[in-house]
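In what follows, a structure is listed as structure tokens, so that the remarks can point back to it.
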Amino acid sequence: MTTGGTMSRRAVVIGGSVAGLLAAAALSRSVDDVIVLERDELPDGPHPRKRIPQARHAHILLPSGRDAIQELLPEADVRQRLLTSGAVEQSMTGMLGFGAQGWYRRWPTVADELLLTCCSRDLLDSVLRDAVLGTTRVAVRRAEALSLLGTAERVTGVRVLADGSEEDLSADLVVDASGRGTRVEPWLDRLGVADIPTDEVDSGLVYASRVFRVPGGAEDFPLTQVEADPAASRPGRSGVLVPIEDGRWLVSLAGTRGGEPTADPEEFTDFALGLRHPLVGQLISGAEPLSEVFLSRSTRNRRREFERAAMPEGLVVLGDAVATYNPVHGQGMSVAALGAQALSRQLQQADVTAAGFARDVQRAAARSVSAAYTVSTSQDQWFPEVVGRAPTLADSLLSRYRGRMARVATTSYSVYAAMRAVVTLQADASSLLRPKLLLATLKGPVMEPLTGPPLTPGESAFVDSMGPVLV
């Protein structure tokens, strides 16, 4: 490929979802020709897409993901576009959270690094598509990737199916961002690349979600979460109520193996009322449902460690194609953004054809993958009948330490903020071993635990108006 006597570069990205669009945005500033392959027709506006069943469930963009997107698309101002379209920013210090160790206090501090972006997945996808396609040279092509071209040493392109015909599309770099349904392992196997190290922890989690109209008087009710208790030796049940655009609540309920929710709308509120605290159930008991109940079983933690494999040059794997997580922590979209950010930063150091370029990107992207995977599996591995690796003695000691720290976090802002920084991928887990945090954890809680949710008078009046809890 030449342009005006100089070599041009082409990158092909497989998948037009969050990871693919952001990877394409990263490439567009350094690569002449960036093509996103998407086998489905992308909707015009915030509408559901095929093959993304998890889109019906609660999605939260973490501060780390928001900042990575800003770096990748500085001219698009995606944050403001989302807010203009109705997305809600929620401070973690102002949300209502019932953790395994009790109710977290609500603190007046509001800082950018503690703001969650809440909206439907359809809205986020739509805003991101418009931002990428409207401010970069990225082109989307309706085609299905069939296989990789090249050898075990270097990938040179993709064989695609478009308009009923197969063709070979050459590329200097291929990015697989095709999601949890990726076929990259059999594709690599055909090239002679096998034995990708893989880890899996499957708690059998089932997600059930439903959209409600926000009742009058609850317009400013915050994000509300009731977490499961991994140490309780029983199935983990949890629920989250997320305020989203257009005056709606998106409520997602989850249960591990033996405690799963169903798709029966008559059982949805009862399940929420039966959580460790009934607050989510109380809030929706008088709310108008706007959708059916959507069920998903695609929730296992599974990680492919491409950074440890003998991968060919010219291929990078990002997003859910690398790892999937228990969605309760809302990390998937932010990990995808951080992976694209790793690609962008490596492009500032080297050309896509440079020796070791893809390997360096894969290793850099693995840092956020490892962080999210550790957060997710460190809880899921304790639930009954979990499938996957068994907890080690080190896991047990760390779990006890984290449990004690979580109890302190219910009464201490500094400890709470430190733990949240790890969960939101803004700090490494090793930061929780700093001397000040170790000392605070050893000392224990600095105040008495709360006996109920820390509601404002207005919130309390609304909850009371829902009537007594009947379980």
Worksheet entry | Size of charge dipole - the chain - debye, nearest 20, with Cβ of Lys, Arg +1 and Asp, Glu -1, no other charges | 1240
Worksheet item: In terms of the Cα gyration tensor, with a ≥ b ≥ c the square roots of its eigenvalues, is region 411-466 rounded because a/c is under 1.5, prolate because a/b exceeds b/c, or oblate?
Response: oblate
Worksheet item: Which order results if Glu448, Glu227 are arranged by neighbouring Cβ count within 10 Å, fewest first?
Response: Glu448, Glu227
Worksheet item: Using 0.36 nm per residue, how much length does the chain from Glu89 to Asp220 gain when fully extended, once their Cα-Cα distance is taken away?
Response: 46.0 nm
Fill in: Thr374 versus Arg183: modelled label distance in nm, points set 7 Å from Cα along the beta carbon direction
3.6
Fill in: the chain, helix-only ellipticity at 222 nm - DSSP H runs n ≥ 4, -39,500 (n - 2.57), divided by all residues, nearest 500
-10000 deg cm²/dmol
Worksheet item: Counting alpha carbon pairs within less than 8 Å and at least 6 residues apart, what relative contact order, in whole percent, applies to the chain?
Response: 20
Item to complete: Provide the per-residue ³J(HN,Hα) series for region 168-178, in order, calculated from phi with Karplus coefficients 6.51, -1.76, 1.60 and θ = phi - 60°, each as a whole number of Hz, with x at glycine and proline positions.
Response: 9, 10, 6, 7, 7, 8, 10, 10, 8, 10, 8
Practice prompt. Take the alpha-carbon centre of region 404-419, take the same for region 104-129, and report the distance between them in whole Å.
Written response: 21
Worksheet item: Give or take rounding to whole Å, what are the principal axis extents of the alpha carbon atoms in region 390-443, in descending order?
Response: 33, 26, 19
Worksheet item: Once the Cβ-Cβ distance between Thr262 and Asp168 is put in as r, and R0 is 45 Å, what FRET efficiency do you end up with, to the nearest 0.05?
Response: 0.45
Discussion item. Classify region 114-243 from the C-alpha gyration tensor, please: rounded if a/c falls under 1.5, else prolate or oblate depending on whether a/b exceeds b/c.
Written reply: oblate
Worksheet item: What is the diffusion coefficient of the chain in µm²/s, taking the Kirkwood radius over Cα pairs and the Stokes-Einstein relation at 10 °C with a viscosity of 1.306 mPa s?
Response: 69
Fill in: Cβ-based exposure ranking for His277, His57, in which fewest neighbours within 10 Å come first
His277, His57
Worksheet item: How much length is gained if the chain between Leu439 and His47 is pulled fully straight, taking 0.36 nm per residue apart and subtracting their Cα-Cα distance, in nm to one decimal?
Response: 136.2 nm
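Laboratory data are not the source of any read-out in this text; all were calculated from the coordinates shown. The shown structure was predicted, so the numbers you read here are calculated from the model rather than taken from an experiment. Methodologically, a virtual Cβ is constructed for each residue, glycine included, from the backbone with ideal geometry; neighbour enumeration extends over all protein chains shown.
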